[in-house]
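One structure below.
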Amino acid sequence: MTQALPFGAPGGGGRGSLAEVMEKVARGDKYAFSTLYDALAPLVFGIVLKVVRDRAQSEEVMQEVMIDLWRQAARYQPDAGSVTTWAATIAHRRAVDRVRSAQASSDREHTQAAREHTVAFDEVAEQVEIRLESEQVRRCLRGLTDLQLQAVTLAYYRGLTYREVAQTLRTPLPTVKTRMRDGLIRLRDCMGVTA
């Protein structure tokens, strides 16, 4: 009775034996897959661990690779390369996919956090700008004559029309328009707005 030697051991059959095991796996032989698993899992895990650099993630990816080998066994072509080369290629690709996926997820989280942070910053900046503009408007309004201030205040802060401002102040309409025009020109010049 001859004893089966492990793959890679002298006389164990190496490449040819794994190819035979892969043929059995392609036919759905669970015992052959167990043999394949024992032969390739350490190699696959090592490749994945070098790329992923996280033991728990590497174990997950290794399991995914082994499941891929089970599912894709019929696609293996011995003339294209050894079983170990094929498994190593699948392992490396899966590991790189996992790293890229983790990086993309991290990038999305950073981008979202930056957007949220920027929105809060913009709100603060906008409030500061509004306050500064309000201060400047109040300062410029103090520079108007009493008559100009009354006309501008009634029109812009109370929303009255020229005619309503004239009626409220009991002043002729052309006089109100002149006061408003002169007042607005002063405000424009005070605030540094170019015409």
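The values are calculated or read from the model by the stated rules, or taken from the named source; none is laboratory data. Keep in mind that this is a model prediction, so the values were computed, not measured. Using ideal geometry, Cβ is built from the backbone for each residue, glycine included, and neighbour counts are taken over all protein chains shown. We work out accessible area using only protein heavy atoms, side chains counted, and drop any ligands, DNA or RNA first. Shrake-Rupley method; radii C 1.70, N 1.55, O 1.52, S 1.80 Å.
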Checklist entry - Tell me, what is the per residue accessible area of region 45-166 in Å², probe radius 1.4 Å? => result 70 Å²
Item to check | Values of log10 I(q)/I(0), in the order q = 0.09, 0.15, 0.19 Å⁻¹, for the chain under a Debye, Cα-only, solvent-free model | outcome: -0.56, -0.93, -1.19
Checklist outcome for this item: Computed about the Cα centre, the charge dipole of the chain from +1 Lys/Arg and -1 Asp/Glu charges at the Cβ has a magnitude in debye, to the nearest 20, of 940 debye
Checklist outcome for this item: Summing -39500 (n - 2.57) over every DSSP H run of at least 4 residues in the chain and dividing by its residue count gives a helix-only mean residue ellipticity at 222 nm, to the nearest 500 deg cm²/dmol, of -26500 deg cm²/dmol
Checklist entry - From the square roots a ≥ b ≥ c of the eigenvalues of the alpha-carbon gyration tensor of region 29-70, which class results: rounded (a/c under 1.5), prolate (a/b over b/c), or oblate? => result prolate
Item to check | Computed label-point distance, nm, for sites residue 142 and residue 102 using a 7 Å Cα→Cβ extension | outcome: 6.2 nm
Item to check | Over the chain, relative contact order from alpha-carbon pairs under 8 Å, at least 6 apart, % | outcome: 16 percent
Next on the checklist: Can you give the FRET efficiency to the nearest 0.05 for residue 55 and residue 123, using r as the Cβ-Cβ distance and R₀ = 41 Å?
Outcome noted: 0.40
Next on the checklist: I'd like to know which of 72, 130, 32 lies farthest towards the positive end of the charge dipole of the chain, counting +1 on Cβ of Lys and Arg and -1 on Cβ of Asp and Glu.
Outcome noted: 130
Item to check | Helix 146-156 vs. the chain, principal-axis angle (Cα, 0 to 90°, nearest 10) | outcome: 40 degrees
Checklist entry - With each pseudo-label sitting 7 Å past Cα toward Cβ, what's the residue 82-residue 110 distance in nm, one decimal? => result 3.9 nm
Item to check | Cα coordinate range in region 99-194, projected on the principal axes (Å, largest first) | outcome: 78, 23, 19
Item to check | Sulfur and carbon atoms: percent of accessible area, the chain [1.4 Å] | outcome: 53 percent
Checklist entry - Mind checking which aspartates and glutamates have their C-alpha under 19 Å from residue 177, skipping anything on the same chain fewer than 8 residues away? => result 146, 164, 189
Checklist entry - Which residue, 108, 142, 93, tops the fluctuation ranking in a GNM of the chain built on C-alpha contacts under 10 Å? => result 142
